[in-house]
Amino acid sequence: MSDETISTSRRRLMQGASLGMAVAMSGAAWSAQKEEGANATDQAAAPLRDPRQGYPHPPFQEQSQPWPGLAGKMTPRPDHGETSYRGSGKLLGRRALITGGDSGIGRATAIAFAREGADVAISYLPAEEPDAKEVIELIQKAGRKALALPGDIRDETMCQNLVARVIAAFGGIDLLVNNAGRQHSFDSILDITTEYFDWTLKTNLYAMFWITKAAVAHMPPGSSIVNTASVNAYDPAVNLLDYSLTKGGIVAFTKGLAKQMIKRGIRVNGVAPGPFWTALQVSGGQTEKNIKDFGGNTPMGRPGQPAEIAHVYVQLAAAESSYVTGQIYGETGGRGEP
Ligand code: NAD
Ligand code: MG
């Protein structure tokens, strides 16, 4: 047996031992899931379900909230997997920061990451405290550490502080989900003021750059970054010019950063969602008419629920995706992109 083989098998043994310890220490939720059945064969088969049925469809009730909106005030309330997501230890012991983790896609990802065994920090705007409080409780119920980070990420110092606070609370950071986003519907370029343009770019591009820059300096090999892009990067909606520009930028940033970061053993990927039923859409992200028909223009005939996309973030974060970097994963209800 060569030295390399010996050290590899020793390392595997150590990893197995520390995994066992982590399982033992990771709290009630995980043990409960484990007792229910570690093997798929122990569980009842999931019933086949037509993906077009059983989810909210247009026409939706007209509704509008002031930006940034609350998931808790939407009709119907989005499904973030609160009662449905079941983990299987895919992210045991990981330490995650999710921006915009209070609601929508970020909340669904926060719930899934915690139930997969990660400690989870969520960043959000102070006005979103009621949504954030629910997520913090759900992370704790999963037996994991939760960290609430209210504040406006259009500020470089704030972004640096976010990362520093995650490291102080969790002892490090190995998962970063750049998911916070600003979207406001404007019919014409003539209506987009410099102030609004700046707002969108600061939230969607600058903050991602600042937070990523602060985090990668501390992320060990094996870490993973997932950025939320959009179908609008590939087929910009007529009313989302500045937003689409940032989403195209996120795709390019993701692919370029992946090439740099693999030299540190860090994978970088993106997700391009189609229409998802979230607070961003009902707080100025779409016109009232678009809300009524929201998701109706997809082959699926309905918008996605945040609970339906969290598994993509889990998969891109998990060690099973060790050969996946620089990719954008589309989930669009059957539209062509990406
Ligand atoms: P959401 O409103 O639930 O989440 C967006 C979050 O961004 C907010 O909860 C807020 O906490 C955060 N945020 C916005 N501005 C901020 C600021 N200045 N400082 C700190 N936090 C700020 O909506 P969502 O749809 O879940 O959005 C998540 C991501 O998904 C966004 O990047 C969005 O562009 C993207 N996306 C959404 C859809 C969709 O149809 N919902 C489609 C494609 C892409
Ligand atoms: Mg929110």
Check K263 against each of (1) at pLDDT 95 or above; (2) out of contact with any strand residue (DSSP E or B) (no Cβ under 9 Å at 6 or more places or on another chain); (3) within 15 Å of ligand 1 (Cβ to nearest atom) and name the one condition it does not meet. (3)
Within the stretch 133-151, can you find the residues that are touching a Gly at 6+ places or on another chain (Cβ under 8 Å) and surrounded by fewer than 24 Cβ atoms within 10 Å (Cβ to Cβ)? E134, G143
Can you pull out the residues in the stretch 207-235 that are in a strand (DSSP E or B) and either in contact with a Ser or Thr (Cβ under 7 Å, 6 or more places away or on another chain) or farther than 19 Å from E320 by Cβ (or both)? I225, N227, T228
Residues in the stretch 175-206 that are over 16 Å from the mean Cα position of the chain (by Cα) and part of a loop (DSSP other than H, G, I, E, B): how many? 8
Quick one: would you say I139 is touching a strand residue (DSSP E or B) at 6+ places or on another chain (Cβ under 9 Å), away from ligand 2 (no atom under 11 Å from the Cβ) and free of Cβ contacts under 8 Å to residues at least 40 places away in the same chain? yes
Which numbered condition P66 fails, given (1) at pLDDT below 95; (2) assigned to a loop (DSSP other than H, G, I, E, B): (1)
Could you identify the single residue in G104, G172, G100 that is out of contact with any His (no Cβ under 6 Å at 6 or more places or on another chain), modelled with pLDDT of 95 or more, within 11 Å of ligand 2 (Cβ to nearest atom) and closer than 19 Å to T212 by Cα? G100
Suppose the filter is among the aliphatic types (A, V, I, L, M), within 16 Å of ligand 2 (Cβ to nearest atom) and closer than 27 Å to D174 by Cβ; does A317 pass it? no
Being at pLDDT 95 or above, surrounded by fewer than 24 Cβ atoms within 10 Å (Cβ to Cβ) and within 11 Å of ligand 1 (Cβ to nearest atom) is true for just one of R165, R182. Which residue is that? R182
With respect to T246, determine if the residue is over 18 Å from Q160 (Cα atoms), more than 12 Å from ligand 1 (Cβ to nearest atom) and within 19 Å of the chain's Cα centre (by Cα). no
Across the stretch 281-310, what is the number of residues that are within 16 Å of ligand 2 (Cβ to nearest atom) and either in contact with a helix residue (DSSP H, G or I) (Cβ under 7 Å, 6 or more places away or on another chain) or farther than 26 Å from A180 by Cβ (or both)? 6
Please state which of the following conditions K263 fails to meet, knowing it meets all the rest: (1) touching a residue at least 12 places away in the same chain (Cβ under 8 Å); (2) closer than 17 Å to S224 by Cα; (3) not small (G, A, S). (1)
Give the residue that is surrounded by the fewest Cβ atoms within 10 Å (Cβ to Cβ), with candidates limited to residues of the stretch 91-112 that are among the polar types (S, T, N, Q) and near ligand 1 (Cβ under 8 Å from one of its atoms). T99
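The values are calculated or read from the model by the stated rules, or taken from the named source; none is laboratory data. These numbers come from a predicted model, not from an experiment. Don't worry about glycine lacking a Cβ; one is built from the backbone with ideal geometry, like all the others, and counts go over all protein chains shown.
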